[in-house]
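Student: I'd like to ask you about the structure that follows.
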Amino acid sequence: MYEVLEKKLDLVSKLVEKTGDEELIAKSKFLYDRIKYPDSYVTMLGETSSGKTTLLNGILGENYLYTSASPSTGTIIELEITPEEIDHQYNAILNDAKRAVITKEKFIDLSKMWKCPLNCVNSNLQ
């Protein structure tokens, strides 16, 4: 079954490339990676300033994400827990679906923005 899905995914990707629509191509690449390399995801949704980020920091046992008494996370945040022995790596998922390594300070600044110019910001944690 996976082989059939993979063939269809390749076909759709080729068709999207032919459209020349940069935004559609970026979204297609992003979805392609998600389907081709599946992981487990937990989604946190809730009212503004309801403690979602504080809860995540508590579960992780460290303050990885910026918190504040006022609304403090204005973009999609992905936390990736990896078994590899790496230092914390912070990434920006750009609008063309590419990842760029950024500093922790830039990660925090982007995560606070209500209208972030990126698809999301991402942190690899070990």
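Since every read-out is calculated from the coordinates, none of them should be taken as a lab result. All values reported here derive from a predicted model rather than from experimental measurement. Note that we place each Cβ from the backbone using ideal geometry, even for glycine, and neighbour counts take in every protein chain shown.
Student: Can you give the FRET efficiency to the nearest 0.05 for ASN63 and LEU24, using r as the Cβ-Cβ distance and R₀ = 35 Å?
Tutor: Efficiency, from the Cβ-Cβ distance: 0.40.
Student: Can you list residues from other chains, or at least 5 along the same chain, whose modelled amide H is less than 5 Å from the amide H of ILE102?
Tutor: Amide H neighbours of ILE102, under 5 Å, 5+ apart: TYR90, ASN91, ALA92.
Student: For an R0 of 22 angstrom, estimate the FRET efficiency from the Cβ-Cβ distance between GLU78 and GLU105 and round to the nearest 0.05.
Tutor: My answer for the efficiency is 0.75.
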